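Undergrad: Sharing a structure below in structure tokens format, with a few things to ask.
Every read-out reported here was derived from the displayed coordinates using simple, explicitly stated rules and does not represent laboratory data. Model, not experiment: these values are computed from the prediction. Positions of Cβ are generated from backbone atoms using ideal geometry, with glycine treated the same way; all protein chains shown enter the neighbour counts.
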Amino acid sequence: MRRDVHTRAAIAIGTLGVAFSGLIATAGVQKLSPAEAAARLSGTWTINRELTSGFNAPGRRGGRGGANFALDGASGRFGAMPSFVQRGGAGPSTAQDASDMTAAERAAMMAMRDLQQVAESITIKATTDQVVFEDARGQRTYAIDGKNAKMTVAGAEVSAKSRWDKAVLRQEFSTPSSKLIQTWDVDDNGRLVLVAKVESLKLVTPDQKAVFDKQ
């Protein structure tokens, strides 16, 4: 009887120790300074297709509510063709017919599509107040100040905003009709994780995750 009590006590203490260690590890990540978080993001990264969900290899179709991607052999990047889900649980829906859109609406749609493209290889140079992405499409620089800045994408005006959310870089790209939300983080295994979704008044995509290995 006494042995059982001692055994249960030892198990309880061990469990508490593991939980406490996990809390310490989590707290350590959350307490990273912006400079430390920027250093973790910086480097050259290559997409890990096995761990990437929502970003499908060429010739494969995403599941219900997922996204179809095709590798562009000329540029070496994945092009997003999202399958939208209506708000309110109405199920999959196709985007508005382009013939029903104004020129400005078509440009905004193409801009959002362009922003969703993910390169197979990407180099990030981040500091506390700026991040630079470089890939097959060229170089893009964003101020990390939580303020909206105007930029032109595919002929449309887009508002871009970047800020630190603890150790995570959060970016928002907005047009009058939709918003792309992206978060960039490095997980416990040292891999870069991009989570992205598109929101609008009528449509929303589920989170899409791309995982990258550091080179």
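Undergrad: For Lys209, put the label point 7 Å out on the Cα→Cβ axis and report which residues of the stretch 173-188 keep their amide N under 19 Å from it.
TA: 181-188
Undergrad: Work out how much length Ala149 to Ile181 would gain on full extension: take 0.36 nm times their residue separation and subtract the Cα-Cα distance, in nm to one decimal.
TA: Once the chain is fully extended between Ala149 and Ile181, it gains 10.0 nm.
Undergrad: Which residues' amide hydrogens lie under 5 Å from the amide hydrogen of Val118, considering only partners 5 or more residues apart or on another chain, with H built in the peptide plane?
TA: The list, which skips near neighbours in sequence, is Phe78, Ala80.
Undergrad: By how many nm would the segment from Gln130 to Leu51 lengthen if fully extended, with 0.36 nm per residue of separation less the alpha-carbon distance?
TA: So the extension gain works out to 25.6 nm.
Undergrad: Here's something else I'd like to know. How big is the Cα convex hull of the stretch 133-215 in projection, averaged over all directions, in nm²?
TA: Average projection, Cα convex hull of the stretch 133-215: 6.6 nm².
Undergrad: Also: At a Cα cut-off below 19 Å, give the aspartates and glutamates reachable from Lys202, other chains included and same-chain residues fewer than 8 away excluded.
TA: Candidates past the 8-residue exclusion: Asp97, Asp100, Glu105, Glu172.
Undergrad: Using a basic spin-label model with each label point 7 Å from the Cα along Cα→Cβ, how many nm lie between Gln117 and Thr44?
TA: Here the answer is 2.1 nm between the modelled labels.
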